[in-house]
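Values in this text are rule-based calculations from the coordinates and carry no lab data. Worth saying up front: this structure is predicted, and the values here are computed from it rather than measured. Every residue, glycine as well, gets a Cβ built from its backbone with ideal geometry; the counts of neighbours run over all protein chains shown.
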Amino acid sequence: MSKTDLPILEQRRIEANIIKPIYDEMVAELGEEHAKKIVGNAIIKNSIEQGRAYAESEDGEASLESFHALLPQWKANGALELDMLKETKTEVHYNVTRCRYAEMYREMGIGDIGHLLSCNRDGTFCTGYSPDITLERTQTIMGGASHCDFRYRTKTDKA
């Protein structure tokens, strides 16, 4: 999948509407734990591929700067509210204080797999985009925390 003009929140809603009945059927046939594992693995693989596709569409080299420039797509239509803490060539740190992705999954009745559908993508998307970018995150709103703590760094900057 490559870039699209459709806001990411709407893409995730469409995907979730397709995944939900498949996931429900997998739970009935295989059990919840196995169904979650399958969905999680599929989303991770897809996320890496999406990250690669985004990187390939860049005019220059994929970097933390070009990666960070994509953030407005994830924020479109008020999908995320965040506090920016640090923006440099080698580090981007912010806290998400409101996540409409989490709200949407809960409203759809799939809040228990929302982390598989969205949160798991964050680190793996950046890996697909550039193996030099890492994400450290210790908590998420989807997991019940007050905010999500995103700490992106280039591998050359581990300080």
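Here are some notes:
- The range 133-158, residues that are surrounded by fewer than 18 Cβ atoms within 10 Å (Cβ to Cβ) and either in contact with a Ser or Thr (Cβ under 9 Å, 6 or more places away or on another chain) or aromatic (F, W, Y) (or both): T134, L135, Q139, A145, S146, H147, D149, R151, K155, T156, D157, K158
- Within the range 50-66, restricting attention to residues that are under 14 Å from R121 (Cβ atoms) and over 13 Å from the mean Cα position of the chain (by Cα), the residue that is surrounded by the fewest Cβ atoms within 10 Å (Cβ to Cβ) is A53.
- Complete set of residues in the range 7-21 that are touching a helix residue (DSSP H, G or I) at 6+ places or on another chain (Cβ under 8 Å) and either of a type in the set (D, E, K, R) or surrounded by fewer than 16 Cβ atoms within 10 Å (Cβ to Cβ) (or both): E10, R12, R13, E15
Residues checked against (1) among the polar types (S, T, N, Q); (2) touching a Gly at 6+ places or on another chain (Cβ under 9 Å):
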site: I19; (1), (2): no, no
site: M26; (1), (2): no, no
site: E32; (1), (2): no, no
site: D59; (1), (2): no, no
site: A79; (1), (2): no, no
site: T88; (1), (2): yes, no
site: R106; (1), (2): no, yes
